[in-house]
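Participant: Got a structure for you, written out below as structure tokens; questions coming shortly.
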């Protein structure tokens, strides 16, 4: 990995130090924010390598990284750990402050049908990106209606809808207010001209307190 050489002791130490401080990994040593969405999928925050080893012992076969961050210390350590543990690592980048484009939504649907389970899915905090992906998993894989699946985006998982990350909730609110009454399935709505991520983002308004909490205090990605 560029900038993170794990082949030497110094390189590995440097990577861990960057991960520990810059990625706020010290906060995740004793707190995983892990929740089983179903018996085959667990959502969590960014796992440490030793935590991945623990998940491997619990039967996990696939690790889904929602963060991207291909040049980051966390990514170098995660990729290295998955390779050593024999875990399949899948990258599926999604953002926490944007309305997902159609291809992202349909890509998530296809992802959940092709990966090997049991699987672990994570972002940085396990709250927002893991939240929207859990909604899509619950809807597409488990067959839950959107009004039930959207429970995966809640304060229980540390998701704060009053901030900029509330745009994720807004997507489903718009569907329930417009798409469902028109007789459209969620997929049909996403594939229709009515689904306009740019326009939807423009009409979303976050609360000032929520924005301060998610962006400045918690510093969510």
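Participant: For the structure I just gave you, tell me whether residue 74 is in a loop (DSSP other than H, G, I, E, B) and on the phi < 0 side of the Ramachandran plot. First the steps, then the outcome.
Facilitator: Values: in a loop (DSSP other than H, G, I, E, B): no; on the phi < 0 side of the Ramachandran plot: yes.
Considered against the rule, which asks whether it is in a loop (DSSP other than H, G, I, E, B) and on the phi < 0 side of the Ramachandran plot, residue 74 comes out as no.
Participant: Among the candidates 176, 209, which residue alone is more than 16 Å from the chain's Cα centre (by Cα), more than 20 Å from residue 95 (Cα to Cα), at pLDDT below 95 and in a helix (DSSP H, G or I)?
Facilitator: Details: 176 fails: at pLDDT below 95.
Matching residue, one of 176, 209: 209.
Participant: A follow-up question, please. Take residue 115 and decide whether it is surrounded by fewer than 22 Cβ atoms within 10 Å (Cβ to Cβ) and touching a helix residue (DSSP H, G or I) at 6+ places or on another chain (Cβ under 6 Å). Give the derivation first.
Facilitator: On the way: surrounded by fewer than 22 Cβ atoms within 10 Å (Cβ to Cβ): yes; touching a helix residue (DSSP H, G or I) at 6+ places or on another chain (Cβ under 6 Å): no.
Criteria not met by residue 115.
Participant: Does residue 33 qualify as being crowded, with 16+ Cβ neighbours inside 10 Å and in contact with a helix residue (DSSP H, G or I) (Cβ under 8 Å, 6 or more places away or on another chain)? First the steps, then the outcome.
Facilitator: Numbers: crowded, with 16+ Cβ neighbours inside 10 Å: yes; in contact with a helix residue (DSSP H, G or I) (Cβ under 8 Å, 6 or more places away or on another chain): yes.
Spelling it out, residue 33 is indeed crowded, with 16+ Cβ neighbours inside 10 Å and in contact with a helix residue (DSSP H, G or I) (Cβ under 8 Å, 6 or more places away or on another chain).
Participant: I would also like to ask the following. Quickly run through the stretch 18-50 and pick out the residues that are closer than 24 Å to residue 153 by Cβ and part of a helix (DSSP H, G or I).
Facilitator: Taking the stretch 18-50 as the starting set, the residues that turn out to be closer than 24 Å to residue 153 by Cβ are 23-24, 27-28, 31-47.
Hits for the stretch 18-50 are 27, 28.
Participant: Without any contact (Cβ under 8 Å) to a residue 60 or more places away in the chain and more than 18 Å from the chain's Cα centre (by Cα) - does that describe any residue in the stretch 69-77?
Facilitator: no
Participant: In addition: Mind counting the residues in the stretch 88-99 that are surrounded by fewer than 21 Cβ atoms within 10 Å (Cβ to Cβ) and either assigned to a loop (DSSP other than H, G, I, E, B) or at pLDDT below 95 (or both)?
Facilitator: 5
Participant: For residues in the stretch 61-82 being surrounded by fewer than 21 Cβ atoms within 10 Å (Cβ to Cβ) and in contact with a strand residue (DSSP E or B) (Cβ under 8 Å, 6 or more places away or on another chain), which is farthest from residue 120 (Cα to Cα)?
Facilitator: Step by step, filter the stretch 61-82, then rank; the result is 70.
Participant: Continuing with the same structure: With the requirement that a residue be touching a residue at least 60 places away in the same chain (Cβ under 8 Å) and surrounded by fewer than 24 Cβ atoms within 10 Å (Cβ to Cβ), what does the stretch 135-151 give you? Spell out how you get there, then give the answer.
Facilitator: From the stretch 135-151, those touching a residue at least 60 places away in the same chain (Cβ under 8 Å) are 137-138, 141-142; that's our starting set.
Listed by number, the residues that qualify are 138, 141, 142.
The values are calculated or read from the model by the stated rules, or taken from the named source; none is laboratory data. Because the structure is a prediction, the values reported are computed rather than measured. We place every Cβ from the backbone using ideal geometry, glycine too, and count neighbours over all the protein chains shown.
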